[in-house]
Amino acid sequence: MRRVALCLLLASCSGPAADTPEGACARQANDDPAVKELLMKAAGTQQFEWDNAQRIKFAQRDAALRCLRARGLAPKGGVERPRT
């Protein structure tokens with residue numbers, strides 16, 4: 001039930017536009033294996049989700065950035081973000 005509510009909440013939030021490459025990559029980021037693993041672990045345990053919210057967000061951003069780079073829309077290389 002929580003998973004359904006979370007999906008509905010995320011769908012209703014205004015995110016990247018659906019018709020842009022950035023929006024497509026943001027949606028595709030949730031299909032990344034690393035993101036899926038964290039989301040599955042968080043689905044049953046609210047404490048895990050709270051404790052690892054930052055890791056989930058970083059995994060989603062990294063997956064979206066990899067997608068954009070694969071499409072040639074983001075520069076390659078750069079400095080890695082500090083992880084906390």
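The alpha carbon convex hull volume per residue for the range 17-70 rounds to 71 Å³. Label sites at residue 37 and residue 61, each approximated as a point 7 angstrom past Cα along Cα to Cβ, lie 2.0 nm apart.
Could you give the nm distance between label points at residue 69 and residue 22, where each point is 7 Å from its Cα heading toward the beta carbon? Here the answer is 1.9 nm between the modelled labels. Computed about its Cα centre, the charge dipole of the range 18-75 is approximately 140 debye, with only Lys, Arg, Asp and Glu carrying charge at their Cβ.
Going by how many other beta carbons lie within 10 Å of each one, how would you line up 79, 35, fewest first?
Listed from fewest to most nearby Cβ atoms, that is 79, 35.
We did not get these values from a lab; they are worked out from the coordinates using the rules stated. What you see is a predicted model, and the numbers here were worked out from it, not measured in a lab. Backbone-built Cβ (ideal geometry, glycine too); neighbour counts: all protein chains shown.
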